[in-house]
Each structure stands twice: as structure tokens, then as C-alpha cells.
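This report refers to the structure that appears directly beneath it.
The values are calculated or read from the model by the stated rules, or taken from the named source; none is laboratory data. Not measured: the values here are computed from a predicted model. Neighbour counts are summed over all protein chains in view; Cβ atoms, including those assigned to glycine, are modelled from backbone coordinates with ideal geometry.
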Amino acid sequence: YTKKYGKDSFSLYSFELNQETADKLTIERELKSAIRNDEFLIHYQPIMNLKTGEVSAMEALIRWNHPDLGMVPPDRFIPVSEESGQIIAIGKWVLYNACSQNRLWQTRGCVPFRICVNISTIQLQHPNFVSLVKSILEETGLEAKWLELEVTEGILLEDTEILKESLLKLKALGISMSIDDFGTGFTSLNYLRQFSFDRVKIDRSFVQDINNDLNGKAITSTIITLAHKLGMEVVAEGIEDSVQLAYLREELCDEGQGYHFCRPKAADQHDLSVTNKI
Ligand code: C2E
Ligand code: MG
Ligand code: MG
Ligand code: MG
């Protein structure tokens with residue numbers, strides 16, 4: 001019986017691997033025409049000022065609506081696009097559209113807030129990235145101070161000179177930089193020592209743990225204290241209930257986002273009053 005079981009689980013395992021490869025190839029192939037066919041869209045999720053309750057920022061989150069595959073989540077296609085290099089074109093599309101949407105909100109009379117755009121390490125290491133950001137700001141008319149780039153902590157592991165240079169040049173443009181998914185990577189303290197990030201975003205797994213055990217509380221409050229001592233602001237991701245919110249406010253967390261406030265949705269689905277209350 002054990003032998004049979006072992007054999008079955010092996011074939012199941014290799015079937016899953018082949019399936020995974022096939023899925024990746026499909027995604028890579030279908031991504032080629034996604035921009036041309038207008039299949040991408042951006043959902044925006046507000047980031048709230050936890051002291052005033054106003055919108056401080058909107059995070060741009062890409063969505064891919066494929067005619068046959070349906071909605072493909074970013075976690076499934078962003079890694080594929082990073083491997084294939086397609087992230088360069090996709091990232092440019094997101095950056096341009098997110099900046100121009102933020103400019104549109106401003107011209108319509110909203111109190112200005114930041115637009116936060118997720119950036120892949122592949123983009124950050126691309127030689128033209130800094131000049132791309134500069135020209136997108138010029139083209140869209142968005143002031144640099146209203147753009148924030150989020151880089152995931154894990155990617156900072158790639159400790160290359162070009163990455164460091166890129167970060168410094170971006171800061172010099174006047175945009176802000178934040179570390180996404182903070183606490184899940186390994187190089188956090190080393191990077192915090194070398195670069196001036198404006199914000200850290202506490203990974204939502206820690207925020208969720210606030211309700212479950214004492215470690216979630218200890219970890220979130222320690223990150224808040226650390227960041228503040230280093231002169232950075234803190235954003236909590238994935239706030240889903242009032243218990244988490246109350247704790248984070250008590251610990252003086254600056255900003256927060258999550259389903260408790262608002263799910264990510266299309267720009268025209270947001271009902272922003274001029275006071276930025278939602
Ligand atoms: P992220 O940057 O950490 O974005 C936050 C993710 O958490 C989003 O997932 C958002 O929809 C989700 N979220 C927000 N509030 C809550 C909550 O209260 N509870 C839970 N469970 N989830 C919440 P999404 O949109 O699926 O994006 C996943 C990841 O894909 C992002 O994580 C980001 O790393 C990446 N991504 C999204 N858009 C882009 C993009 O334009 N470029 C790049 N390079 N990566 C992107
Ligand atoms: Mg993010
Ligand atoms: Mg991320
Ligand atoms: Mg995150």
C-alpha cells in the first residue's frame with residue numbers, strides 16, 4: 001500500500017509541476033497582447049491617515065481581465081512578467097496611468113494625496129528607469145511629491161550598485177519611496193541603515209496577527225517604534241477590523257489601508273469628497 005501511495009503521489013506531483021509550467025507559458029504568451037488589447041486596468045485602494053481619517057494616498061493595484069482566463073491576479077502574472085522581461089512595458093503602463101489618474105483627481109478639486117505605485121526590482125535596475133519616471137511626471141503634470149514608489153522588501157536582497165544608485169536618483173527627483181511587505185524579508189535593517197526610505201509598510205500578516213496572539217502586537221508596535229526612531233512613517237497593510245485599527249492607532253501608526261476602510265476599486269467607483277473623507 002505504501003508503495004502504491006508513493007507512486008501515486010509522485011505522479012500527482014509531476015502532473016502539478018507540468019501544469020504549472022504550462023500555465024506560466026500560457027500567461028507569458030497571453031501577456032504579449034494584453035496592453036495592445038486594453039486588458040489591464042488599475043484598481044485603487046485608499047491609504048488613510050489614522051489620526052485624521054482622511055485619505056493620504058491611493059495605492060495603484062494592477063488588474064488583468066483576460067477574455068478567456070478571466071481576472072488573473074497580479075500574484076500569478078507579475079512574477080511571470082518579471083522572468084520574461086514583460087514587466088518593463090507593464091510597469092511603464094501602470095506608472096503612466098496611475099500618475100495621470102492622480103493628476104486628474106487633483107484637477108477635479110480633491111485635496112492632493114500621494115499615488116503609490118508598486119515597482120519591481122527589474123524596473124528599478126533598468127538603466128532608463130529614473131528618466132522614465134521623470135518624463136512621466138512631466139507628461140502627466142504630476143508634481144514629484146505626489147508620487148511614491150513601493151519596493152518589496154524581499155527584492156532589496158539584490159544588493160547591487162545599480163539598485164543603490166537608482167534609489168538615490170529617485171529620491172533626488174523629489175518622489176517618496178516606501179518598503180512594502182516590511183518584516184517578511186531579511187535585509188531590512190541593513191537597508192534601513194543605508195537608505196532613506198520615507199515609509200515602511202507593515203506586512204498584512206503581522207496586522208492579522210494582532211487579533212490572534214501577542215506576537216502580532218509586539219511585532220507591529222516594534223516596527224512602528226523602529227521606523228519612527230529612524231525618521232520614517234509607518235503604513236499598516238490589510239486592516240480588516242476595528243480591533244486591529246484601535247491597536248494601531250494606540251501605537252501611533254501613521255497610516256493604514258485594508259478592507260475595513262475600502263477595497264481596491266476602479267477610479268470612477270471612488271466617491272471622494274473634497275475633504276478626502278470616504
Ligand atoms: P501589495 O503591494 O502588498 O498590495 C497589497 C495587497 O493586499 C493587494 O493585493 C490588496 O488588494 C490586498 N489587500 C488590501 N487590503 C487588504 C485586506 O484588508 N485584506 C487582505 N487579505 N488583502 C488586502 P493584490 O491587488 O492582489 O496585489 C498583490 C500584489 O501584487 C501586491 O502586493 C504587489 O506586490 C503586486 N502588484 C500589484 N500591482 C502591481 C503593479 O502594478 N506592479 C507590480 N510590480 N506589482 C504589483
Ligand atoms: Mg504595495
Ligand atoms: Mg508588494
Ligand atoms: Mg504589501
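Select from region 158-189 the residues that are farther than 23 Å from Asn128 by Cβ and aliphatic (A, V, I, L, M) and write down the one among them that is modelled with the highest pLDDT. Once the filter is applied, the top-ranked residue is Ile179. Determine, yes or no, whether Asn118 is in contact with a Pro (Cβ under 9 Å, 6 or more places away or on another chain) and within 16 Å of ligand 4 (Cβ to nearest atom). Against the criterion (in contact with a Pro (Cβ under 9 Å, 6 or more places away or on another chain) and within 16 Å of ligand 4 (Cβ to nearest atom)), Asn118 qualifies. Residues in region 211-237 that are within 16 Å of ligand 1 (Cβ to nearest atom) and touching a strand residue (DSSP E or B) at 6+ places or on another chain (Cβ under 9 Å): Thr220, Ile223, Val234, Val235, Ala236, Glu237.
Here is a list: Ser135, Ser56. Which entry is over 30 Å from Ile27 (Cβ atoms) and small (Gly, Ala, Ser)? Testing whether each residue is over 30 Å from Ile27 (Cβ atoms) and small (Gly, Ala, Ser) leaves just Ser56.
Each row is one residue, and each column tells you yes or no for (1) under 20 Å from Gln45 (Cα atoms); (2) surrounded by 20 or more Cβ atoms within 10 Å (Cβ to Cβ).
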site	(1), (2)
Cys110	yes, no
Phe113	yes, yes
Ile119	yes, yes
Pro127	no, no
Leu132	no, no
Glu139	no, no
Trp146	yes, yes
Val151	yes, yes
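Here region 42-61 is the region considered, the condition is being in contact with a Pro (Cβ under 7 Å, 6 or more places away or on another chain) and within 16 Å of ligand 4 (Cβ to nearest atom), and the residue that is farthest from Arg199 (Cα to Cα) is His43. From Trp64, Trp93, Trp146, grab the single residue that is out of contact with any Pro (no Cβ under 9 Å at 6 or more places or on another chain) and at pLDDT 95 or above. Trp93 is the lone residue from the list that is out of contact with any Pro (no Cβ under 9 Å at 6 or more places or on another chain) and at pLDDT 95 or above.
Somewhere in region 97-110, is a residue part of a helix (DSSP H, G or I), within 16 Å of ligand 3 (Cβ to nearest atom) and touching a residue at least 24 places away in the same chain (Cβ under 8 Å)? Yes, there is a match, as at least one residue in region 97-110 is part of a helix (DSSP H, G or I), within 16 Å of ligand 3 (Cβ to nearest atom) and touching a residue at least 24 places away in the same chain (Cβ under 8 Å). Just so you know, in region 208-234 the residues that are part of a helix (DSSP H, G or I), among the hydrophobic types (A, V, I, L, M, F, W, C) and out of contact with any helix residue (DSSP H, G or I) (no Cβ under 7 Å at 6 or more places or on another chain) include one that is modelled with the lowest pLDDT, and it is Leu214. Applying the condition of being of a type in the set (Val, Ile, Thr) and under 21 Å from the mean Cα position of the chain (by Cα) to region 208-226 and asking which residue is surrounded by the most Cβ atoms within 10 Å (Cβ to Cβ) yields Thr220.
Please specify each residue of region 187-207 satisfying the condition of being in a loop (DSSP other than H, G, I, E, B), of a type in the set (Phe, Trp, Tyr) and under 18 Å from the mean Cα position of the chain (by Cα). Result: Phe197, single match.
Scanning region 227-249 for residues that are surrounded by fewer than 21 Cβ atoms within 10 Å (Cβ to Cβ), over 19 Å from the mean Cα position of the chain (by Cα) and touching a residue at least 12 places away in the same chain (Cβ under 8 Å) yields His228, Leu230, Gly231, Asp241, Ser242, Val243, Tyr247, Arg249.
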